[in-house]
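Single-structure report; data block below.
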Amino acid sequence: MAADDYAIVVGISEYPGLDDLDGPENDARAFYAWLIKPDGGAVEPSRVSRILSSDFGPPFASVTEAKPTMERVHDELRRFVTIAKRRTKDGLGFNVGRRLYLYLSGHGFARDLDEAAVFMADAAPPDWVAHIPGRYCANWFIKSGFFQEVVLLMDCCRENYASVPTIVPPLGPRTGQGVSEARYFFGFSSRFGLLSRERPFDGEVRGVFTEALLEGLDGGASTAAGEITAASLDSYLSDNMKHYLAPADIDDPTVTKQPRVEYDTASGAQFVLARKPPKRYRVTVHFPPSMAGREARVVGGEEESMTVADGAPWTIDRPRGAYFVVVAGFPSRPFEVTATGDVNVHL
């Protein structure tokens, strides 16, 4: 277990003042499950604070009764300040742990290019004050020196609500030293001004970003060395999130096709978020009768060859990447293995 890692996981689906959502609680549960898996985040369950709409007994009769509120999340954020103060008093320094995960899913907005905020259950027009600004919180903990690494993940829309003031948590002054060494990974499901989407996956509604994120963390984003780094996860999400969208959303200009991902690019390849063997996907190569008896090879990464049998397809598995099928005497056929799953190649 990552004994000195912590996490706050928030999923808000019930909104008396807005349309309810189906995905955020499912997203939060799924990310929590990854966090505590020994071959996932490997975080001790007692160090994960999970906050869901269903914890508070919805449906809510009105906005004023809706929970969770900002104060519930603020309490969890302030808990780290308390730990740091106690450690400092005991002469142990103010460092709380190695890594902090902040995962927030629900309705959201952005008031500028850099920030994203998730609305809490009691959010409502016209003031929209009930929200958690994710980037502000992540930056506060980076600058506080409480953690060496901060991972912020937000599955929410980032519509432009420039007139909404940012309500910051009452965390107090930052006390960190040497904070330039802190590493970070920020993943926002949407680009500024655009919408995020949720849709069914295997019978359960999930956020498109979170579905892609968890596929990446399950090995889709792994390097050949079996490491999921800030750089490899960025590449995976940027290249593949669009494949998880419904067809109608791909053609909708208001829907984001790529996430916004930020990290220190100078060290992104060395910032290991998790370790997992690269995920492999089934590839089935179909041959015409004219190729029977010829040698066929798959080129790219692991090379493999076989003799084409009349009418029989060739099934292999490969990690994500670009490949060619080469058959002697015929033009080569390129194909790509992506996060969409099994691949059929017809020559």
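A short reminder: the numbers here are calculations on the coordinates, not readings from a lab. What you see is a predicted model, and the numbers here were worked out from it, not measured in a lab. Methodologically, a virtual Cβ is constructed for each residue, glycine included, from the backbone with ideal geometry; neighbour enumeration extends over all protein chains shown.
Remarks
- Ranked for footprinting exposure by Cβ neighbours inside 10 Å, fewest first, R135, R78 give R78, R135.
- Counting other Cβ atoms within 10 Å as a rough exposure proxy, the listed residues T64, T223 run T64, T223 from fewest neighbours to most.
- Within the chain, DSSP assigns beta bridges of which about 50% are antiparallel (rounded to the nearest 5).
- Modelled label positions at L171 and L113, each set 7 Å beyond Cα in the direction of Cβ, lie 2.3 nm from each other.
- With K and R counted +1 and D and E -1, the other residues having a Cβ less than 11 Å from that of P16 yield a net charge of -4.
- Within the shell of other residues whose beta carbon sits under 11 angstrom from the beta carbon of A230, the net charge comes to -4, with Lys and Arg scored +1 and Asp and Glu -1.
- For the range 49-110 and the range 114-155, distance of Cα centres in Å: 10
- Within the range 103-161, percent of DSSP bridges classed antiparallel, to nearest 5: 50
- Sum of -39500 (n - 2.57) over DSSP H runs of 4+, divided by residues of the chain (222 nm, nearest 500): -6000 deg cm²/dmol
- Measuring between alpha carbons in the structure, the pairs from K67/K242; K89/K276; K143/K242; K257/K279; K67/K279; K67/K276 lying more than 30 angstrom apart are K67/K242; K89/K276; K143/K242; K67/K279; K67/K276.
- Contact order normalised by residue count of the chain, Cα under 8 Å, 6+ apart, percent: 13
- Shown here are the Rg and Dmax of the Cα trace of the chain, at 22.9, 79 Å.
- The range 280-346 - percent relative contact order, Cα under 8 Å, separation 6 or more: 41
- By the count of other C-beta atoms within 10 Å, a proxy for reagent exposure, M306, M70 are ordered fewest to most as M306, M70.
- Distance between the pseudo-spin-label points of E304 and N160 (7 Å out from Cα toward the beta carbon): 5.0 nm.
- Tilt relative to the chain, helix 70-89 - C-alpha long axis, 0 to 90 degrees, to 10: 80
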